[in-house]
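Asks: So that we are looking at the same thing, I have put the structure below in structure tokens.
The numbers here are math on the coordinates, done by the rules we state, and not lab data. Keep in mind it's a predicted model, so treat the numbers as computed, not measured. Here Cβ is always computed from backbone atoms with ideal geometry, including for glycine, and neighbour counts include all displayed protein chains.
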Amino acid sequence: MPTPIDALMIDLYQRPRSHPWLRIVAILIGSGNWKAVTLIRLAQYFHLRGWKRAGRWSGAKLRREFGCFVQPTASIGPGLKLPHPNGIVIGSKVRIGASCVIYQQVTLGGARRGAYGTDAYPSIGDGVTIYAGAKLIGEIAIGEGAVIGANAVVLKNVPAEHSAVGVPAASKARRTDEPQS
């Protein structure tokens, strides 16, 4: 897993290819997606360095501006995209692979069955798309390229290249002609 700063650079360079100065201007003007991802990466960086006050500042700014609660101990791969970064909750031991897309109001959290010290948190593979309002709870694995539908409640593993929809979510193989995002 790359360092938070390396992941941030990968996040930046996955933006649409245009003139470098246009990309920088767009970022400085303030894409919500970019700003939220940057605050997450900074909180992780500060946490790894032991800079508690800076980490708390970054986390508080993320909560104030976007209503996102992302634990700095979560493992988040490079290429993260948050198209509408409001109300996202990511627990402390969640693992998210590279190039994942997470929409608004998504919760990735642990199952609270008296297992606070365990790894009862979701593990998300590379290239997964999680649509608005989905809840992924407990020690589950989401395979590479999976798609989690809007408002799905996922309590069981989802294999690679499958879709999961419903409450509770049922998974089925995705059609090859189905767009991912």
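Asks: Are there any trypsin sites (Lys or Arg not before Pro) in segment 88-153 that are in a DSSP loop and have at most 14 other Cβ atoms within 10 Å? List them by number.
Replies: R112, R113
Asks: Ok, one more. Apply the a/c threshold of 1.5 to the C-alpha gyration tensor of segment 37-115 and tell me whether it is rounded, prolate or oblate.
Replies: rounded
Asks: Students often get this wrong: which residues of segment 74-94 have the backbone nitrogen under 16 Å from the point 7 angstrom along Cα-to-C-beta of R112?
Replies: Those under the cut-off are 89-93.
Asks: What list of ³J(HN,Hα) values in whole Hz, one per residue of segment 137-143 in order, does the Karplus curve 6.51 cos²θ - 1.76 cosθ + 1.60 (θ = phi - 60°) give from phi, with Gly and Pro shown as x?
Replies: Listing the rounded values in order: 10, x, 7, 10, 10, 10, x Hz.
Asks: Can I ask one more? Just to verify a number: FRET efficiency for T73 and E144, C-beta to C-beta distance, R0 = 25 Å, to 0.05?
Replies: Calculated transfer efficiency: 0.60.
Asks: Then there is this: Find the centroid of the Cα atoms in segment 115-165 and in segment 55-75, then give the distance between the two in whole Å.
Replies: Here the answer is 21 Å between Cα centres.
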